[in-house]
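K.L.:
Submitted below is the structure of interest, expressed as structure tokens.
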Amino acid sequence: MDQAAPIRFSSLSSQVLELLIEKIRDGAYPPGSPLPPENQMAREYQVSRATIRSAFDRLEALGMIYRKQGVGTFVRRASNISNPLNQFIDFFTLIRDNGCEPGVKQLGAALVHPSDQVANNLQLEPGQRVLEVRKVFFADKTPIIFCVNNIPEWVFAGRFTEKELVKPDLIEPHFIRFFAVECRQPFKYFISNVQADVARNVPLPGAFAKINPLTPTLVIEEVGYNESDQPIVQSIEYHPGNWMKFKLIRSPWP
């Protein structure tokens with residue numbers, strides 16, 4: 001094993017972080033591979049174990065590594081994921097394709113009167129309600145995506161009781177199927193707005209409490225339309241870190 005260069009300046013954790021990011025990107029630590037134990041890395045870089053742990057915490061917040069209790073710390077396969085922005089791919093498929101076990105936790109679901117912005121996006125009349133569903137998606141038990149869906153009440157009217165609507169497994173993990181089969185409202189297309197932000201500026205729930213406030217966060221707000229060009233869902237997704245990459249396909253023709 002090559003001897004790691006010792007760290008001799010201030011901001012030790014930041015310097016270790018930069019070196020580890022470089023090694024991960026260069027393939028010295030390939031996707032799926034374990035990182036050396038904290039005490040071993042502390043000896044290699046001639047820093048304290050606390051400095052290594054701090055660097056690991058920041059790598060985890062960036063979505064570049066994940067920890068398995070009692071097993072070790074591993075490099076995520078996220079750098080191999082490319083999600084074309086012109087395709088809808090459900091999160092469970094993306095997570096499985098990344099070699100991780102997907103999971104979802106519903107934080108809340110209720111019939112509510114929407115904000116003016118949501119009502120406008122969904123072309124609702126005054127007084128019409130939506131089913132608001134808030135959920136967190138996990139990869140190997142690590143939270144990676146926070147999502148809020150707003151579904152107009154007319155989409156599922158007469159098909160479910162209010163008690164059934166708030167069940168955690170009603171919509172996920174079969175989001176597309178729920179609309180196409182259960183509601184008889186298959187999607188025709190989505191219109192999305194994408195912007196970059198940082199974690200401290202977006203309403204991430206408690207599951208992301210350990211994330212660095214300056215972690216880059218991709219925010220995707222979109223509206224899905226049925227075959228009659230009616231909006232049937234308004235969603236906003238928060239993707240902190242670099243767990244998922246997106247590929248933009250552009251054409252020179254209109």
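K.L.:
Looking only at region 205-235, how many residues end up being over 20 Å from F175 (Cβ atoms) and hydrophobic (A, V, I, L, M, F, W, C)?
P.N.:
Summing the residues that are over 20 Å from F175 (Cβ atoms) and hydrophobic (A, V, I, L, M, F, W, C) in region 205-235 gives 4.
K.L.:
While we're here: Tell me which residues, restricted to region 48-64, are free of Cβ contacts under 8 Å to residues at least 40 places away in the same chain and either within 25 Å of H239 (Cα to Cα) or assigned to a loop (DSSP other than H, G, I, E, B) (or both).
P.N.:
Listed by number, the residues that qualify are S48, R53, F56.
K.L.:
Starting from residues that are of a type in the set (V, I, T) and under 21 Å from V194 (Cα atoms), keep the ones in region 46-92 and report whichever is modelled with the highest pLDDT.
P.N.:
Among those residues, the one meeting the criterion is I89.
K.L.:
Among (1) over 22 Å from L107 (Cα atoms); (2) without any contact (Cβ under 8 Å) to a residue 12 or more places away in the chain, there is one condition F187 misses while meeting the rest; what is its number?
P.N.:
(2)
K.L.:
Going through I171, I220 one at a time, which residue ends up being in a loop (DSSP other than H, G, I, E, B), buried (at least 17 other Cβ atoms within 10 Å of the Cβ) and in the same structural domain as V133 (by TED's automatic domain parsing)?
P.N.:
Details: I220 fails: in a loop (DSSP other than H, G, I, E, B).
None of the others qualify; the one that does is I171.
K.L.:
Quick one: count up the residues across region 35-47 that are within 13 Å of Q15 (Cα to Cα) and either outside the structural domain of I21 (by TED's automatic domain parsing) or assigned to a loop (DSSP other than H, G, I, E, B) (or both).
P.N.:
Final tally of qualifying residues: 2.
K.L.:
So, one more: List the number of the failed condition for A5; all other conditions in (1) buried (at least 17 other Cβ atoms within 10 Å of the Cβ); (2) at pLDDT below 80 hold.
P.N.:
(1)
K.L.:
Further, regarding this structure: Looking at (1) touching a Cys at 6+ places or on another chain (Cβ under 6 Å); (2) surrounded by fewer than 13 Cβ atoms within 10 Å (Cβ to Cβ), can you tell me which one D140 breaks?
P.N.:
Tallying (1) touching a Cys at 6+ places or on another chain (Cβ under 6 Å); (2) surrounded by fewer than 13 Cβ atoms within 10 Å (Cβ to Cβ), D140 fails exactly one: (2).
The values are calculated or read from the model by the stated rules, or taken from the named source; none is laboratory data. Computed from a predicted model, the values in this text were never measured in an experiment. For neighbour counting, all protein chains shown are included, and Cβ atoms are generated from backbone atoms with ideal geometry for every residue, glycine included.
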